[in-house]
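First up is the structure itself, then whatever we jot down about it.
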Amino acid sequence: MNKLSLPSLLAFLIGTLLSSGAGAAEDIVVVGGEGEDCIEDPGCVNRLHPDIPMAARARPEQTILFRARDAQDVLGAAAAQTTEPETLSSDFGRVHPITGPVYIEGAVAGDVLKVTLTNIDPGSYAYTYGGSSGFIPDLVEGQSLVIWRLNRNYAESDDLPGIRIPNASFPGVVTTLPGPNQLRIMLEREQELADAGGRVSLPMTGGADPVALCGPNGTASTECLRTIPPREHGGNMDIRYLKAGVSIYLPCFIDGCGLAIGDLHYAQGDGEVSGTAIEMSADVWATTEVLKDGPDLSRGPHYEGPAQLLDIPSRRFYAVTGIPVKDSGDVPPDMRYLNSDVVAGLENLSNDINLAARNAIDGIIDYITSTYGYNRQQAYVIASVAVDIRISQLVDAPNVGVTALLPLDIFIGQ
């Protein structure tokens, strides 16, 4: 995309401020965007812990500009992108760089923080991985990488000719920091799940930032939460409806809350089934409000916004449904840790949303390959960035229903 000139950028920032009620350009708090990667950036971390130092301070209603990096910290900040990458390295320890944390003045533990996203400006390039990761890795062989070119309207890639994905930018991670008690509970329950054989991302020191706290010799090296799953404080929610215009309600577990944003997506289907969306760096503008008597967020954040953000970006669609049936002898990968003799012998599992979703996704991949000629790797990526996985019904036991909904307008010239 063409970079804005300095006068144009200043005009855009001032316009954004005036429209959000701020008074002057100096009211913007800018966080992040320095250095080659997150570790070099004083406004960036990739772990969660109550003792992480604050990167900046902001007043409620003040505009905060988060210069956020991509999920694997490989593209650099949006303003630094000048050349399309040919390939990308992958280091799981660096996932996800998040910009912040920001201390919100006047907020104390027990408050609710209302975060309103006002604008998202994408970088020039992005990527999507597919294959041996994501929701159905056993059904899609191999690994693939798609490099995207971005502008303010759509994404295109030489790796997926004939596909154009509309801009639907949002942050995958919007979070506050856990408090000491929440940290203890989260560490204990995730360790219990790992001990039982469940899939979980435990603390790891490789690639951790801040290094002094979370690295190999850090003072809390075994206590820094990975950003992979969402939790009660928000985190990696990967909700595609959290676009500009939406407000997210997050709990404050420590004084100042510790607001951070990252894992920017240019577009994503509900489900992000290959494991990644269109992963990009971007600049994100946001404002905050501190609520002293906010909603109960004990089971997760709330959000609100204009209803048109729920629409699919297409005039036409094709959908595949799934119910929880399987072949006798099969055990879905997510159930293997249970070591159940019962699951393998059944051809129908009662009210199992995961199995229903697995069947719907497998079906939509088959449809894409047979109708449009893409291979399964390509179809998996298309499903991850464009297909919405929706619960159809939960009450018709034993067969709950899931729908995989494919927007057809993404296929150009067909």
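Read-outs: derived from the displayed coordinates by stated rules, not from any lab. Note that the structure is predicted; figures quoted are calculated from it, not measured. Methodologically, a virtual Cβ is constructed for each residue, glycine included, from the backbone with ideal geometry; neighbour enumeration extends over all protein chains shown.
Which of the aspartates and glutamates could a cross-linker bridge to Lys243, judged by Cα under 14 Å and excluding same-chain residues fewer than eight apart?
Here the aspartates and glutamates satisfying the reach criterion relative to Lys243 are Asp121, Asp263, Asp270, Asp283, Glu304, Asp311.
Residue separation times 0.36 nm, minus the C-alpha to C-alpha distance between Leu193 and Ser90: what's the value?
Extra length available between Leu193 and Ser90 comes to 34.5 nm.
Compare the peptides 57-67, 345-355 by average per-residue count of other Cβ atoms within 10 angstrom and give them in order, highest first.
57-67, 345-355
Specify the angular offset, from 0 to 90 degrees and rounded to the nearest 10, of the alpha carbon long axis of helix 353-372 from the longest principal axis of the alpha carbons in the chain.
80 degrees
May I ask for the distance between the Cα centers of the stretch 114-189 and the stretch 23-87, given as a whole number of Å?
17 Å
Based on alpha-carbon centroids, what's the gap between the stretch 343-404 and the stretch 291-338 in Å, whole number please?
If you average the Cα positions of each part, the centres end up 12 Å apart.
Starting from the Cα of Lys326, draw a straight line to each of the aspartates and glutamates and keep only those under 19 Å, dropping any in the same chain fewer than 8 residues away.
Partners within reach: Asp138, Asp334, Asp341, Glu347, Asp352, Asp362, Asp366, Asp396.
Taking only C-alpha pairs under 8 Å that are 6+ residues apart, what is the relative contact order of the stretch 290-413 in percent?
34 percent
Based on the Kirkwood radius over alpha-carbon pairs, what value in µm²/s does the Stokes-Einstein equation return for the translational diffusion coefficient of the stretch 182-302 at 25 °C and 0.890 mPa s?
149 µm²/s
Which entry in [x] 34.8; [y] 20.5; [z] 26.8 matches mean projected area of the Cα convex hull in nm² derived from the coordinates of this structure?
Correct label is [y].
Give the aspartates and glutamates whose C-alpha is closer than 14 Å to that of Lys292, dropping any in the same chain fewer than 8 places away, or say none.
Glu105, Asp111, Asp255
Mind listing which trypsin sites (Lys or Arg not before Pro) in the stretch 300-336 are in a DSSP loop and have 10 or fewer other Cβ atoms within 10 Å?
Arg315, Arg316
Considering every Cα-Cα pair within the stretch 342-399, what fraction, in whole percent, is farther apart than 15 Å?
Value for the stretch 342-399: 56 percent of Cα pairs lie more than 15 Å apart.
In degrees between 0 and 90, to the nearest 10, how far off the longest principal axis of the chain does helix 6-20 point, with axes built from Cα atoms?
Long axis of 6-20 versus the principal axis of the chain: about 80 degrees.
Between helix 180-195 and the chain, what is the angle of the helix's C-alpha long axis to the longest principal axis, kept within 0 to 90° and rounded to the nearest 10?
20 degrees
Which of the peptides 304-311, 48-55, 393-400, 197-204 is most tightly packed, and how do the rest follow, judged by the mean count of other Cβ atoms within 10 Å per residue?
48-55, 197-204, 393-400, 304-311
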